[in-house]
Amino acid sequence: MNMVFCMKFKEEKHISEPYKRQYLEGLGKLVGGLEQQALQGREAVWKDMMANKDTYRRKFAELLGWPLTQERERIPCKVFSQRLVQEPDCIVERLQFTIWEGVTMTGLLIRHEENVKRPFVLVQHGGLGAPELIAGAYGSTSNYNDMLERIFRQGANVFAPQLLLWSKEQYKPDYDREELDARLKNVGSSITAIEIYFLMKSLDYFEKQTWVGNMGMVGLSYGGFYTQLLSALDTRIKAAISCSYFCDASHWVRADWSFRDIAQSFGEAEIACLVHPRKLFLEIGNEDNLFDYRKSITEYKRLCRICGNDTEDWLEFTVFDGNHEFYQEDRHIERLMDCLCRENVF
């Protein structure tokens, strides 16, 4: 017997809107209060963090997930190389790393021809980017402002890795980063952990090459995010430039930048402190349309409080005239290179 449920209740859609709004606002206040409690909790471990950075590196790696939670064998993985350009002043190769069976990741290596040990710099693209874009293969390098070429011309050998961030419309294939990240988190990992591991494995390979000297890293936007994380976790990075990223993370939340309970221990300032005493340049444009530079200033002041204002020798924060782009002046690149050219660095 089919029955039809019928009730004499009718209402205009807008009438229930205040109740939905009240629920939403309540959730917002709840989260804000929990974030404030987490910040206060982090303040209690600041001094301990600066005195025990290796302990907090391990804790940070555990929050990101597998495979950073296990001891990494420092054995270079299998690498396939395809030479694309050979000029008197430049060699360009596409490298493909076999990280695990069936899992390969790629990037562009641009190096000087002579087999001389030089500073080696990872140059990391941001969201919607690709190694070929920042290398100038398509003409304009857009808001990267020729950062890869500028570093290469300063005398470095450079490697530009491809992360799961390319423009699906321009470069194909299609993908869903957030879905993949969620699936990885369900099994104790994250897309961030996987890609940090890839960058570490690439360093395992490069540190064995006779033409690789001290290592550094430079990145824009998402690339700045990865620069800060890799520099915090891997002390082989001796100097780094993170541009158009460093900010109070509570004002810019993304699923793949979020990890369970991370706010209890780590904000951007705490992560940056794990780079100490190695050199770190933080840059942000005063007209950045994604990150509010005023929130970056707030986070930088907090960073200074954590390390007791002991920032002169290892940290530099710059607000430049510009948008969401790579800083167009070369002074930080030059200073990064000066650091990497030293015989003895931290």
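The values are calculated or read from the model by the stated rules, or taken from the named source; none is laboratory data. Predicted, not measured: the structure shown is a model, and the values here were computed from it. Methodologically, a virtual Cβ is constructed for each residue, glycine included, from the backbone with ideal geometry; neighbour enumeration extends over all protein chains shown. For accessibility, only protein heavy atoms count, side chains too; no ligands or nucleic acids. Shrake-Rupley method; radii C 1.70, N 1.55, O 1.52, S 1.80 Å.
Overview of results
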read-out	value
Top-ranked residue of the stretch 185-210 - restricted to ones that are in contact with a Phe, Trp or Tyr (Cβ under 9 Å, 6 or more places away or on another chain), assigned to a loop (DSSP other than H, G, I, E, B) and open to solvent by 20 Å² or more (accessible area, probe 1.4 Å), ranked as nearest to L64 (Cα to Cα)	G188
Enumeration of residues in the stretch 248-278 that are among the polar types (S, T, N, Q) and in contact (Cβ under 8 Å) with a residue 40 or more places away in the chain	S250, Q264, S265
Matching entry among E270, E299 (being more than 15 Å from the chain's Cα centre (by Cα), open to solvent by less than 10 Å² (accessible area, probe 1.4 Å) and of a type in the set (D, E))	E299
Filter pass, Q70 being outside any loop (DSSP other than H, G, I, E, B) and among the polar types (S, T, N, Q)	no
The stretch 151-184, residues that are assigned to a loop (DSSP other than H, G, I, E, B) and out of contact with any Gly (no Cβ under 9 Å at 6 or more places or on another chain)	Q154, G155, L164, K172, P173, D174, Y175, D176
Residues of the stretch 300-335 that turn out to be within 19 Å of A240 (Cα to Cα), modelled with pLDDT under 95 and assigned to a helix (DSSP H, G or I), as a count	2
Close pairs (6 angstrom Cβ cut-off, 6 or more residues apart or separate chains): surrounded by 12 or more Cβ atoms within 10 Å (Cβ to Cβ) in the stretch 162-180, of a type in the set (S, T, N, Q) anywhere	Q162/T106
The stretch 302-334: number of residues that are touching a residue at least 60 places away in the same chain (Cβ under 8 Å) and over 17 Å from S221 (Cα atoms)	6
Residue in the stretch 79-101 that is of a type in the set (A, V, I, L, M, F, W, C), open to solvent by 80 Å² or more (accessible area, probe 1.4 Å) and over 30 Å from E132 (Cα atoms) present	no
